Amino acid sequence: MRYTTAGESHGRALTAIVTRVPAGIHVDPAAIDADLARRQAGYGRGGRQRIESDRVSILSGVRFGKTIGTPVAMGVANKDWDNWLDVMAVTGDKPDGVAVTQPRPGHADLCGVLKTGSDDIRDILERASARETAARVAAGGIAKAFLAELGVSVRSFVTSIGDVAASWHGDVTEVDSELVELSDVRCADEDAAARMRLAIDDARTRGESLGGTFVVIAEGVVPGIGSYAEADLRLDSAIAAALISIPAIKGVEFGDGFAAAGRVGSLVHDEITYATGRGFSRSTNRAGGLEGGMSNGEPIIARAAMKPIPTLMRPLSSVDIVTREVVDASKERSDVCAVPAAAVVAESELAFAIARGMLAKFGGDDVDDIVAALNRYKERIL
């Protein structure tokens, strides 16, 4: 199961096509719309979110609420397109004064124009914009729906914004999802959440932006998904690549991650246990549910770090790509902080990586056949 997206930030619409979709998956557009709304929400989002009200249109591949085994095409309209008809016209001559020539440090602007030879950064920034992730979330609704048929769920929460970090005691899988969903910074630690809002307010006042970290978790994944035999089939590398593909994500770790590098082996590896009826398990989950490129049956836990958004209301210094003169970087309408939104996008990316692994293990034509194969496997490994 794979997806591809098309569309620009201020174009007519974003489009996603999901291929290799088994037949028989129950698809609820309302559930996809709910995820799209979660991606748009969050303290620190910019004015664009007051314009858009993202809703998915399923264009193919689903009939009477179920996938039919063909590619699923989906669209998410850009309401703001009506305000950009002159700038984003498909045909005609480009009007004077619409070209952007001041690249933003930290964005795709300069690398993109050097790569393509364009003299207008808007050719790059419209596609490099994180607005594209709305299409990823829509596509991720298909992967999530498939995993739900197999008893797998995916969720996320924010662990820090700027220098404000949440704290909790015990297993991260015990973080209350209801509190997370009620929080406008997707943080269950209410004291930290309040300080995160203050940090965002302060950054907005100073014309700054903030990054942060989040956790994404998949529960219900059986052991043995992925591969130890071939590098490109490793589940951990697939998940890492998927998460790092999200705009502004600069780091990914599993389980205890970098902290494990400073400990002795006996404090890093998870001891193996066995219980009749449950099978093999681990007494701890420091590995984050992944060993040797495969799932090990424990919850898959990944943490990701997001850098501050590169569009600043007090721009950094740059160089004009046409005149070569020193200028202030361009300003686009932007968020102060989008860490909560990135966490929702990460759910879709994690869902796709796991879905591909499950399909490789249990087949890909029909959900009933896949579930039957999964159940036989569970019986064998007990």
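For the range 270-299, what are the residues that are touching a helix residue (DSSP H, G or I) at 6+ places or on another chain (Cβ under 7 Å) and either surrounded by 22 or more Cβ atoms within 10 Å (Cβ to Cβ) or at pLDDT 95 or above (or both)?
Filtering the range 270-299 down to residues touching a helix residue (DSSP H, G or I) at 6+ places or on another chain (Cβ under 7 Å) leaves 279, 286, 290, 293-295, 299.
Within the range 270-299, ARG286, LEU290, GLY293, MET294, SER295, PRO299 meet the criteria.
So ASP236 ticks every box in (1) surrounded by fewer than 19 Cβ atoms within 10 Å (Cβ to Cβ); (2) touching a residue at least 12 places away in the same chain (Cβ under 8 Å); (3) assigned to a helix (DSSP H, G or I); (4) charged (D, E, K, R) but one. Which box is left unticked?
Among (1) surrounded by fewer than 19 Cβ atoms within 10 Å (Cβ to Cβ); (2) touching a residue at least 12 places away in the same chain (Cβ under 8 Å); (3) assigned to a helix (DSSP H, G or I); (4) charged (D, E, K, R), ASP236 violates only (1).
Do any strands (runs of 3 or more DSSP E) lying entirely in the range 288-382 carry at least 2 residues that are touching a residue at least 24 places away in the same chain (Cβ under 8 Å) and touching a Leu at 6+ places or on another chain (Cβ under 8 Å), and which ones are they?
Working: elements: 300-306, 317-319, 326-328.
Output list reads 300-306.
Please go through the range 182-194 and pick out each residue that is closer than 12 Å to ALA343 by Cα and part of a helix (DSSP H, G or I). I'd like the intermediate steps shown before the answer.
Going residue by residue through the range 182-194, those that are closer than 12 Å to ALA343 by Cα are 185-187.
Listed by number, the list is empty, since nothing qualifies.
Scan the range 17-39 residue by residue and report those that are more than 19 Å from GLY65 (Cβ to Cβ) and in contact with a helix residue (DSSP H, G or I) (Cβ under 9 Å, 6 or more places away or on another chain). Reasoning before the result, please.
Let us first name the residues in the range 17-39 that are more than 19 Å from GLY65 (Cβ to Cβ), namely 17, 19-20, 37-39.
Those that are more than 19 Å from GLY65 (Cβ to Cβ) and in contact with a helix residue (DSSP H, G or I) (Cβ under 9 Å, 6 or more places away or on another chain): ILE17, ARG20, ARG38, ARG39.
Could you tell me whether any residue of the range 20-28 is among the acidic types (Asp, Glu) and free of Cβ contacts under 8 Å to residues at least 60 places away in the same chain?
Checking the range 20-28: not a single residue is among the acidic types (Asp, Glu) and free of Cβ contacts under 8 Å to residues at least 60 places away in the same chain.
Of a type in the set (Phe, Trp, Tyr) and without any contact (Cβ under 8 Å) to a residue 24 or more places away in the chain: is that true of TYR274 in this structure?
On the way: of a type in the set (Phe, Trp, Tyr): yes; without any contact (Cβ under 8 Å) to a residue 24 or more places away in the chain: yes.
When the stated conditions are applied, TYR274 passes them.
Could you tell me which numbered condition ALA241 fails, if it satisfies all but one of (1) part of a strand (DSSP E or B); (2) surrounded by fewer than 18 Cβ atoms within 10 Å (Cβ to Cβ); (3) of a type in the set (A, V, I, L, M, F, W, C)?
Here ALA241 meets the rest and fails (1).
Out of (1) within 15 Å of the chain's Cα centre (by Cα); (2) surrounded by fewer than 19 Cβ atoms within 10 Å (Cβ to Cβ); (3) farther than 20 Å from GLY207 by Cα; (4) of a type outside the set (S, T, N, Q), what's the single condition that is false for LYS307?
Among (1) within 15 Å of the chain's Cα centre (by Cα); (2) surrounded by fewer than 19 Cβ atoms within 10 Å (Cβ to Cβ); (3) farther than 20 Å from GLY207 by Cα; (4) of a type outside the set (S, T, N, Q), LYS307 violates only (3).
Looking at (1) within 19 Å of the chain's Cα centre (by Cα); (2) assigned to a strand (DSSP E or B); (3) under 22 Å from LEU150 (Cβ atoms), can you tell me which one THR15 breaks?
The one condition THR15 does not meet is (3).
Consider the range 307-335. How many of its residues are at pLDDT 95 or above and closer than 23 Å to ILE244 by Cβ?
The total comes to 2.
Among the residues of the range 46-85, what is the count of those that are touching a Gly at 6+ places or on another chain (Cβ under 9 Å) and either charged (D, E, K, R) or loosely packed, with under 12 Cβ neighbours inside 10 Å (or both)? Lay out the reasoning, then the answer.
Keep residues of the range 46-85 that are touching a Gly at 6+ places or on another chain (Cβ under 9 Å), which gives 49, 56-59, 61, 66-76, 78, 81, 84.
Pick out the ones that are also either charged (D, E, K, R) or loosely packed, with under 12 Cβ neighbours inside 10 Å (or both) and you get 66.
The total comes to 1.
Can you name the number of the only condition in (1) among the polar types (S, T, N, Q); (2) out of contact with any Pro (no Cβ under 8 Å at 6 or more places or on another chain); (3) closer than 29 Å to ASP171 by Cβ that THR311 fails?
The failed condition is (3).
Just the residues that are part of a loop (DSSP other than H, G, I, E, B), polar (S, T, N, Q) and closer than 18 Å to ASP171 by Cβ, please, taken from the range 269-286.
Of the residues in the range 269-286, the ones part of a loop (DSSP other than H, G, I, E, B) are 269-271, 276-278, 283-286.
Adding the requirement that they be polar (S, T, N, Q) leaves 276, 283-285.
Passing the criteria: SER283, THR284, ASN285.
Sort out which residues of the range 140-158 are in contact with a strand residue (DSSP E or B) (Cβ under 7 Å, 6 or more places away or on another chain), of a type outside the set (Lys, Arg), more than 27 Å from ARG104 (Cβ to Cβ) and not in a helix (DSSP H, G or I), and write them in order of number.
Result: VAL152, SER153, VAL154, SER156, PHE157.
Working only within the range 195-210, note down all residues that are in a loop (DSSP other than H, G, I, E, B) and either within 23 Å of the chain's Cα centre (by Cα) or crowded, with 17+ Cβ neighbours inside 10 Å (or both).
First pass over the range 195-210, keeping only residues in a loop (DSSP other than H, G, I, E, B): 206-209.
Across the range 195-210, the qualifying residues are GLU208, SER209.
Name the residues in the range 163-177 that are assigned to a loop (DSSP other than H, G, I, E, B) and free of Cβ contacts under 8 Å to residues at least 60 places away in the same chain, would you? Spell out the reasoning first.
The initial filter retains those residues of the range 163-177 that are assigned to a loop (DSSP other than H, G, I, E, B), namely 163, 166-171, 175-176.
Across the range 163-177, the qualifying residues are ASP163, ALA166, SER167, TRP168, HIS169, GLY170, VAL175, ASP176.
Going by what's in this entry, would ALA188 be described as without any contact (Cβ under 8 Å) to a residue 40 or more places away in the chain, within 23 Å of the chain's Cα centre (by Cα) and surrounded by 15 or more Cβ atoms within 10 Å (Cβ to Cβ)?
Working: without any contact (Cβ under 8 Å) to a residue 40 or more places away in the chain: yes; within 23 Å of the chain's Cα centre (by Cα): yes; surrounded by 15 or more Cβ atoms within 10 Å (Cβ to Cβ): yes.
Here the answer is yes, as ALA188 does meet what is asked.
The values are calculated or read from the model by the stated rules, or taken from the named source; none is laboratory data. Keep in mind it's a predicted model, so treat the numbers as computed, not measured. As a convention, Cβ positions derive from the backbone with ideal geometry for all residues, glycine included, and neighbour counts pool all protein chains shown.
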